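Notes to accompany the following structure.
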There are 2 protein chains.
Amino acid sequence: MIRTDWTMAEAWAIHALPFADLMHRAQTLHRAHFDPNAIETASLLSIKTGGCPEDCGYCSQSAHHDTGVKATKLMGTEEVLAAARRAKASGAQRFCMGAAWRSPKDRDMDKLCDMVRGVAELGLETCMTLGMLSPEQVARLKAAGLDFYNHNIDTSPEYYAQIASTRTMENRLDTVEQVRKGGIKVCCGGILGMGEAEEDRIAMLVTLATLPAHPDSVPVNLWNEIEGVPVQARAQAVDPFALVRIVALARILMPASVVRLSAGRTGMSDELQALCFLAGANSIFVGDQLLTTGNPAAWKDQDLLSRLGMHIAPAQARPRVAAE
Amino acid sequence: MIRTDWTMAEAWAIHALPFADLMHRAQTLHRAHFDPNAIETASLLSIKTGGCPEDCGYCSQSAHHDTGVKATKLMGTEEVLAAARRAKASGAQRFCMGAAWRSPKDRDMDKLCDMVRGVAELGLETCMTLGMLSPEQVARLKAAGLDFYNHNIDTSPEYYAQIASTRTMENRLDTVEQVRKGGIKVCCGGILGMGEAEEDRIAMLVTLATLPAHPDSVPVNLWNEIEGVPVQARAQAVDPFALVRIVALARILMPASVVRLSAGRTGMSDELQALCFLAGANSIFVGDQLLTTGNPAAWKDQDLLSRLGMHIAPAQARPRVAAE
């Protein structure tokens, strides 16, 4: 059963279960909704890097922080399609295009829609993350065939002000709702390790799990050590089991959502990733580069998946269970 | 259902399952026979070290190998009881006393029985591992109240000759059968990482799982790097998931046996130990020293168990399901 009326008290109680009980409950649900041995693979490309006007404290692309990230213009469509071809060749099924914007300018929409159409013609699922969207922009992307739109809420509503001041949680949720109403699948998750409390991580998931419909994809990131951003001063290493508990809680609260083990995998042991997969993570980024941080090399992921007897899930095979 | 008619083909097929399926099957059985959040703790003392006439290729105590281990005489009973008190104070429930012998001399039996009685009076379960036993020696230890007798088969019957030449697998199985018939609980397992093949690890478990009755305890050891022993030349690091698969297979073949994650934990990540606990390992040695190799410090184990919400299983609470 898919619920959107979860309470923090319920989520806390599940999260606090003894590890074996939490894991068994998450696995049982995961196995009811997904092939437990299948994993979705996506590849991520920064199509416009740096110089972002938002001041998100975790992000190397903000113009507010001195992180050494070189700002670039929006890539050409051909350059993006070439990268998409490489991603497909290396086993990705979805191609995610990210631009460091507060929101896209209307003048860029034609080019963005061309990118969507071009990538889709390569047989890849398409995903974009461009910042906040107007209803018109959502409609244009939908018409171009965009499959997914990523727009993370990053953390809990209570902690959000510690992360960004140039935008609010309400801004984020508005865009998520626009995207959902516009018929594009929602990819929305958050980040652990920015100095937030355990409660903030749980509240982030409850926020997602009480949206009108659960996101189709829930990325769970471990904050990647980045020099020169405000979060660095507050960041704390996340206990591996704390990460697994959040993945398991995401799976239990949102049984039909794909949970992506996103940024931070380079710092995770194989065993930790295996625990996350058992807990319900069933998607990863492939390719050795995310937007600006590293990702395990392709051979390493192939080796890990083969030792676990996991296979790449055919894109259309993933069940989508709409919220009742 | 407890079976003792397992075949290698069945064991291979289970062992080769996709990791998530293998783990779910092992957890489901584990939860049917044990409290999945409980762990048994034992402490191990070498009551007579080194100078062993056996030539076991993995062992630092063999007189055949130059490992720098100083040979000692059999400890005094009081010294053993003092160690037992310390073990109890640090949370151990069982006190295992090991002597590096081919088999104990009759002249030592009185003293060994005094040790058993003395340790039992401290409220600890007792276990000894003294090498091969005669029926009379078994009877004496039983009369003294010995709870468990450890006598590992180390590896598969096929690989055994690569490990030791001064004794045979049949010798081992004879003593195990004597102990069982004598009414003492059997602790019998083996070692991974001695250059054996995957098949040997599976065959070791099938050998145990097709005994007239499954061992009460099945210790699974990772060979601890020891200088100067023959195994060192052949030893290979064991893939963490290979260890977990063997623990899961032990749990599935022997659902009511306690599976002890024994030597080698100092080299394991917390996540690997958590995977082993999920797979069915529900016993560990506590205290920072095994017979001659290291073991995680007490605080580290307490931290790990608390993060996993695990508690120490009251000794008598452990179900014993006799083979049908």
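The values are calculated or read from the model by the stated rules, or taken from the named source; none is laboratory data. This one's a predicted model, so the numbers in the text were calculated from it and none came from an experiment. For neighbour counting, all protein chains shown are included, and Cβ atoms are generated from backbone atoms with ideal geometry for every residue, glycine included. Ligands, DNA and RNA are stripped out before the accessible areas are found, and what is left, the full protein with its side chains, is counted by its heavy atoms. Shrake-Rupley method; radii C 1.70, N 1.55, O 1.52, S 1.80 Å.
Give A:S165, A:S156 a once-over and let me know the one that is among the small types (G, A, S), on the phi < 0 side of the Ramachandran plot and surrounded by fewer than 21 Cβ atoms within 10 Å (Cβ to Cβ). Give the derivation first.
On the way: A:S156 fails: surrounded by fewer than 21 Cβ atoms within 10 Å (Cβ to Cβ).
None of the others qualify; the one that does is A:S165.
Considering every residue within segment B:204-218, establish whether at least one is hydroxyl-bearing (S, T, Y) and closer than 22 Å to B:C59 by Cβ.
Yes.
Look through A:R172, A:R180 and report the one residue that is in contact (Cβ under 8 Å) with a residue 12 or more places away in the chain, among the charged types (D, E, K, R) and open to solvent by less than 20 Å² (accessible area, probe 1.4 Å).
Of the residues listed, the single one that is in contact (Cβ under 8 Å) with a residue 12 or more places away in the chain, among the charged types (D, E, K, R) and open to solvent by less than 20 Å² (accessible area, probe 1.4 Å) is A:R172.
Keeping to segment A:266-282, report how many residues are small (G, A, S) and surrounded by fewer than 24 Cβ atoms within 10 Å (Cβ to Cβ).
2
Can you tell me which condition A:H30 does not meet? The list is (1) more than 16 Å from A:I226 (Cβ to Cβ); (2) open to solvent by less than 30 Å² (accessible area, probe 1.4 Å); (3) more than 14 Å from chain B (Cβ to nearest Cβ), and all the others hold.
(3)
A:R140 passes all but one of (1) in a helix (DSSP H, G or I); (2) within 18 Å of A:A209 (Cβ to Cβ); which number fails?
Looking at each condition in turn, A:R140 falls short on (2).
All but one of (1) without any contact (Cβ under 8 Å) to a residue 12 or more places away in the chain; (2) aliphatic (A, V, I, L, M); (3) open to solvent by less than 20 Å² (accessible area, probe 1.4 Å) hold for B:L192, so report the exception by its number.
Result: B:L192 passes all but (1).
Can you list residue pairs whose Cβ atoms sit under 9 Å apart, with the first residue in segment B:30-55 being within 19 Å of B:R265 (Cβ to Cβ) and the second being acidic (D, E) and open to solvent by less than 20 Å² (accessible area, probe 1.4 Å)? Count only pairs 6 or more apart in sequence or on different chains.
Partner pairs satisfying both residue conditions: B:T41/B:D301.
So which residues in segment B:223-275 are of a type in the set (D, E, K, R) and within 14 Å of chain A (Cβ to nearest Cβ), if there are any at all?
Passing the criteria: B:D239, B:R245, B:R251, B:R265, B:D270, B:E271.
Do we find that A:G195 is closer than 22 Å to A:G267 by Cα, at pLDDT 95 or above and part of a loop (DSSP other than H, G, I, E, B) in this structure? Give the steps one after another, and end with the answer.
On the way: closer than 22 Å to A:G267 by Cα: yes; at pLDDT 95 or above: yes; part of a loop (DSSP other than H, G, I, E, B): yes.
Yes.
Check off (1) at pLDDT below 95; (2) within 16 Å of the chain's Cα centre (by Cα); (3) within 14 Å of chain A (Cβ to nearest Cβ) for B:L291 and give me the number that stays unchecked.
B:L291 satisfies all of (1) at pLDDT below 95; (2) within 16 Å of the chain's Cα centre (by Cα); (3) within 14 Å of chain A (Cβ to nearest Cβ) except (3).
Counting only residues that are more than 20 Å from A:P18 (Cβ to Cβ), among the aliphatic types (A, V, I, L, M) and either more than 10 Å from chain A (Cβ to nearest Cβ) or under 22 Å from the mean Cα position of the chain (by Cα) (or both), how many does segment B:11-27 have?
Matching residues across segment B:11-27 total 3.
Is one or more of the residues making up segment A:68-86 in contact (Cβ under 8 Å) with a residue 24 or more places away in the chain, of a type in the set (S, T, Y) and assigned to a helix (DSSP H, G or I)?
yes
Among the residues of segment B:40-58, is there at least one that is within 12 Å of another protein chain (Cβ to nearest Cβ) and farther than 18 Å from A:A26 by Cβ?
Within segment B:40-58, none of the residues are within 12 Å of another protein chain (Cβ to nearest Cβ) and farther than 18 Å from A:A26 by Cβ.
Using the structure shown, decide if A:G280 is at pLDDT 95 or above and within 14 Å of chain B (Cβ to nearest Cβ). So that I can check it myself, show each step before the final result.
Values: at pLDDT 95 or above: yes; within 14 Å of chain B (Cβ to nearest Cβ): yes.
Considered against the rule, which asks whether it is at pLDDT 95 or above and within 14 Å of chain B (Cβ to nearest Cβ), A:G280 comes out as yes.
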